[in-house]
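Report on the structure given below.
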Amino acid sequence: MYGVCGCCGALRPRYKRLVDNIFPEDPEDGLVKANMEKLTFYALSAPEKLDRIGAYLSERLSRDVARHRYGYVCIAMEALDQLLMACHCQSINLFVESFLKMVRKLLESDKPSLQILGTNSFVKFANIEEDTPSYHRSYDFFVSRFSEMCHSSYEDPDIRTKIRMAGIKGLQGVVRKTVNDELQANIWDPQHMDKIVPSLLFNLQCGEHSESRSPSPLQATEKEKESPVELTERCFRELLGRAAYGNIKNAVTPVLMHLDNHSLWEGKTFAVCCFKIIMYSIQSQHSHLVIQQLLGHLDANSKNSAKVRAGIVEVLLEAAAIAASGSVGPTVLEVFNTLLRQLRLSVDYELTGSYDGSTNIGTKIIKAHEERQLQEAVIRTIGSFANTLPTYQRSEVMLFIMGKIPVPGIHPTLPSTGSGPEGTRMIQIMLLKSLVQVTAGFQTTNMLTALPSSFLEPLLSFSLTEDPEVRLLVLQILLSLIDRHDNRPKFTNISIISDISVLKLKVDKCSRQDNLFMKKHGQQLYRHIYMGCKEPSSGRQHYETLFALLGLLSVELANEEVVVDLIRLALALQDLALSTDEALPVYNRCAVHALAAAYLNLICQLTTVPAFCQHIHEVIEVRQKESPYLLPEDVFIDNPKLPSSLEKVEGGVLFLQSKITEVLGGSGYNTERLATPYVPQYTDEDRLSKRKSIGETISLQVEVESRNSPEKEERTPAEEITFETLKNAIVDSVGMEEQERERRRQVVVKFQKAPFEEIAAHCGARATLLQSKLNQIFEITIRPPPSPSGTVSSGYGQSQSRSVPIYEMKFPDLCVY
């Protein structure tokens, strides 16, 4: 019976007859369309037969593949595609299983045309939205096979390109099919990402693709669509764009591993290209996750070559530039901590010559110039990150970096460098360079909150070191912090400008916060400017930066009181250059004269007092005729012509304090203050000014403080803080100090000129007073206590106190408890 049914076509099941009828006798004729329409109508009418239709088509296709009848294979796949597109019933799942089984059969074939045919069918299937979920379908084979096709090494380059493009399209189809279906296998698992991502990067790397074109790819031409590189980039962008918060790590980790395995960090170009695509494609709120992974990878490669670390840092630099404001994430300080740690390690590697501090023969050879390139890259990256932060966070970063600068005795918890004092100095310079980058473009309305004492005082203390490079960096940081209206470029060169209106300075009225800032820190700034001019190692750049600092103070933070102090400071600089006690070289003395002249020329035009301007211009004209080496145009040049000594600087070439006080007093300025010569407030660190680093000074201060620690002496009672106390703390104490100085001078004169008898009488009176006080103290402490039993008469009729043991004393009842 079964044999008869097999021989008689009329007795075969209808679905088989319909399937057989779609195949023509000659495969060249293609699919029989009329019969295909009948098969489609039957499948829609009887959806329960769809799984049998699929199984029978699969059986025929397997037989045709085995017999190399590829024409019928193509017809079978076309029929399957049309049925798949037409039918969306609940029984579609069983049909899909047959379909995927046939696609798998084609992909397993060695013939490239069948692989491409199977891939195209899978891509069509991937674009179909299924009505019912599938709980058991697996795509592991397709991920592996498509990834393998992406790495095809077929001999014919055209066919190789087609196979690779088919593999890329297949991976794109797998992602589309699985990424939004929670019931499917998780495509973001490392086992899948470790195949998909390297396959895409391999094809990106093979093409001449040096830079990502735009945040979102523009509409490409037909020719570009056929390019494997362009197709790969679109697929990579689509994959990253679908990544949720928890999947970013799994998507980025294979990228890092691929760049490591193929040594692609050193070239930088491809690594930067990859992460530009990543940063532009992921959701902006996830950018900080990528940056954190890069930082972790940088730490993991801390003992790798400088080129590798520099490549990672360059990628970080580009990523920070692309990231939106504030995308560094919640761990802002951790980002900077990692970068500063790498900076410290690089300095140690450069100076010790090895990664483990030893000089064994087996250790890697470290190239100093590569480490320096890495250090510069880290500093640029720190600045790039800082530019994405708001002002309040940037202030925190500035404080954080300042706290990291190694100062022996102040930061004992910092790991000591194995490179000695030179390593400490280099790290100080690198961190100050980092601060220069962080403070570039820093703008704030309230200087007091943005620049607290905990930041400003350590910064200014570094300006007193003998190292000229450190001092110059501190001055550059101060310029960035004070310049809020982009006036700094206008003070780049020191020169005598007859009309400063050509500079187009932006001058705003000094706010109340600025006034408070200058009341609190003005004297510190003046003192450090004075001490900077006093250093013999200061060069042309130092004086140009000091002039810019004076100019910015006059424009940004000057009220009437500050203007008076700045004029006094300029005149004090002139006195410093005239003094022979400081042993300044001739160049430095001429430079200080020129600096004072240029600044007084600026400030007189800012005050707009005609008589003041006239005096300044008269002195400058005299100098131009008699002493041009006291003007900036003849000093701050490459080869200045200076005299061998400065002995006869007097008369009309000097600015007169009395004359300036007179002319400004007529315009309402404080003549008493103007007439008082400026004297810097010397502190302990100035007495120890001849030092090689600020660390030596502060360590000495800590030693002195440890000797006078609270454990060794009794604490003094805390002073009560009142409104008057706070007011007196704010008020300038220059007048009180001058009174104290005058009193001390009178005492010295008295002891020098008074007769001996007068001095002896004065000292004797003080000794007598001291003795009487001591007698009173001894009488109180030595006298026996009074007795409750009364007094006892002595033999001379005088009453004498008698000491009674306490157990014999008689106390009133009210005193006993």
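The values are calculated or read from the model by the stated rules, or taken from the named source; none is laboratory data. Fair warning: this is a prediction, and the values are worked out from it, not measured in the lab. With ideal geometry, Cβ positions are generated from the backbone for all residues, glycine too; neighbour counts draw on all protein chains shown. These area figures cover heavy atoms from the full protein model, side chains too; ligands, DNA and RNA do not enter into them. Shrake-Rupley method; radii C 1.70, N 1.55, O 1.52, S 1.80 Å.
Checking each residue in the range 537-583 for being in contact with a Phe, Trp or Tyr (Cβ under 7 Å, 6 or more places away or on another chain) and open to solvent by 20 Å² or more (accessible area, probe 1.4 Å) picks out Arg540, Glu544, Glu560. Counting only residues that are at pLDDT 85 or above, open to solvent by 50 Å² or more (accessible area, probe 1.4 Å) and under 49 Å from the mean Cα position of the chain (by Cα), the range 111-146 holds 4 of them. If you filter the range 85-104 down to residues that are open to solvent by less than 10 Å² (accessible area, probe 1.4 Å) and touching a Lys or Arg at 6+ places or on another chain (Cβ under 8 Å), you find that the one that is modelled with the lowest pLDDT is Val96. Remark: pairs (first residue in the range 271-288, modelled with pLDDT under 90; second residue crowded, with 20+ Cβ neighbours inside 10 Å and assigned to a helix (DSSP H, G or I); Cβ separation under 7 Å; 6+ apart in sequence or on different chains) = His286/Ile248; Ser287/Met279.
Note on the range 499-522: residues that are over 30 Å from the mean Cα position of the chain (by Cα), assigned to a helix (DSSP H, G or I) and within 18 Å of Asn487 (Cα to Cα) amount to 4. Would you say Glu376 is open to solvent by 60 Å² or more (accessible area, probe 1.4 Å), under 17 Å from the mean Cα position of the chain (by Cα) and modelled with pLDDT of 90 or more? Answer is yes for this residue. Of all the numbered requirements in (1) of a type in the set (Ser, Thr, Tyr); (2) modelled with pLDDT of 85 or more; (3) under 16 Å from the mean Cα position of the chain (by Cα), Ser327 misses one, and that requirement is (2). Looking across the range 663-681, the residues that are touching a residue at least 24 places away in the same chain (Cβ under 8 Å) and not in a loop (DSSP other than H, G, I, E, B) come down to Val663, Leu664, Arg673, Leu674. Residues that are more than 60 Å from the chain's Cα centre (by Cα), surrounded by fewer than 20 Cβ atoms within 10 Å (Cβ to Cβ), assigned to a helix (DSSP H, G or I) and free of Cβ contacts under 8 Å to residues at least 40 places away in the same chain are absent from the range 70-78. Exactly one residue among Ile660, Ile637 is open to solvent by less than 40 Å² (accessible area, probe 1.4 Å) and not aromatic (Phe, Trp, Tyr), and that residue is Ile660.
Where helices (runs of 4 or more DSSP H) sit wholly within the range 555-642, those with at least 3 residues that are under 17 Å from Cys533 (Cβ atoms) occupy 560-578, 586-607.
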